[in-house]
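Just so it is clear, none of the values below were taken in a lab; they were calculated from the coordinates. What you are looking at is a predicted structure, and each value in this text was computed from that prediction instead of being measured. Cβ atoms come from the backbone with ideal geometry, glycine included; neighbour counts cover every protein chain shown.
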């Protein structure tokens, strides 16, 4: 039985974020192929963390800047190690390379953090976004270096695949497109989903620790909802999200009809009760799990180009894609009242799910890539000279910073 050790950035919370859903999907992928799965993270355990033991996963406590990890990983001797985001690769990959050199090193990017942060910078400064400016971005240097140091990196968006291969010239052999999927069960329940007249109000959902979501809520409340509510009198805006700040939750229902709920008890239930999902995201990266989840639940959406990025491909969006300051209000009002347009939007959402987010073909490709690498990892690494160079001890600043911290803690 093959063995993998997953180093998480946090404990997965599938009720809080698409990242939590994705982590469980990756773990399921390995468990279904009879891998022995181990999981560890230096993050503090949270109240809503998923109990991975239900999936047959062995969990471990690990710490950063701790030489005890060296003995642990050597004794575990995994066939592969998966790093959840580039930060975990920076902290632990050099230790894995030293003490478990034959282990396949896999990076799950989640999204390109440098792309998200650079977009935020341009929005806040009122500057145009130019993709070529990413070549001078310091965080891009760190994240792309992590991709080169790993044997395989999972990328969730076709747009990000293009950025990595066309702009940064990362070899395609180091990457695999592997998005968040629709869940198999959604196909079974599709015919039983409530229709136009069985739904009311509009909603937003998103983890408030994720900056694009917090920004979108501010845009909704301050800029968009005052105008939307004039066109939709009596309609409420329900805002859900894990880690909602106290000052929002204390407000409950505002005089303008905004209802702050906090964490959604059942995401599918609240989505099936709503008529439209609003996502006025001004910056971000990756693909937005909330929009895919909405389509699974027959819920059309009005979002921005950033929100829709990487989801529909050449297919027509299940709702509308408009800028927050140009037509967003009208798009929401029109879709809310038009039953025919709403039914068509819901159907387009199903088409997107069926054509682009069924897991079987993606998992088959990932399985083949991993098995090929395991057959001759040394050949693969010899052809990745840049990765070898970046993993070299003279270029691994994180390694020596960690060693310094360990020495300092001892003294």
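Points to keep in mind about this one:
- Global form of the chain, assessed from the alpha-carbon gyration tensor, a/c cut-off 1.5: prolate
- Folded to 0 to 90 degrees: helix 359-375 orientation relative to the chain principal axis, Cα: 10
- Label-to-label distance, nm, for residues given as residue 189 and residue 136 (7 Å Cα→Cβ offset): 4.9
- Computed lengthening from residue 227 to residue 34, 0.36 nm per intervening residue step minus Cα-Cα distance: 64.1 nm
- Taking a ≥ b ≥ c as the square roots of the eigenvalues of the Cα gyration tensor, an a/c ratio below 1.5 marks segment 185-356 as rounded.
- Mean separation of Cα contacts under 8 Å (6+ apart) over length of segment 91-229, as relative contact order %: 20
- Mean Cβ count within 10 Å, highest first, over the residues of peptides 248-256, 383-391: 383-391, 248-256
- What the Cα atoms of segment 201-242 give is an Rg and a Dmax of 10.7, 31 Å.
- Look at 177, 86 and count the other Cβ atoms within 10 Å of each Cβ; fewest to most, that gives 177, 86.
- C-alpha long axis of helix 397-410 to longest principal axis of the chain, angle in °: 80
- With a Förster radius of 22 Å applied to the beta-carbon distance between residue 61 and residue 1, the computed FRET efficiency rounds to 0.40.
- Segment 1-133 shape via C-alpha gyration tensor axes, a/c threshold 1.5: prolate
- Length-normalised contact order of segment 185-356 in % [C-alpha pairs under 8 Å, at least 6 apart]: 23
- Taking each residue as 0.36 nm, the span from residue 411 to residue 54 lengthens on full extension beyond its C-alpha to C-alpha distance by 124.4 nm.
- C-alpha long axis of helix 113-125 to longest principal axis of the chain, angle in °: 50
- Across the chain, C-alpha contacts under 8 Å between residues 6 or more apart give a mean separation that, scaled by the residue count, equals a relative contact order of 15 percent.
- Most to least packed among 194-201, 329-336 [average Cβ atoms within 10 Å]: 329-336, 194-201
- Between residue 323 and residue 197, the modelled labels are 4.0 nm apart [label points 7 Å from Cα along Cα→Cβ].
- With 0.36 nm allotted per residue and the present C-alpha distance subtracted, the residue 162-residue 382 stretch has 76.8 nm of extension available.
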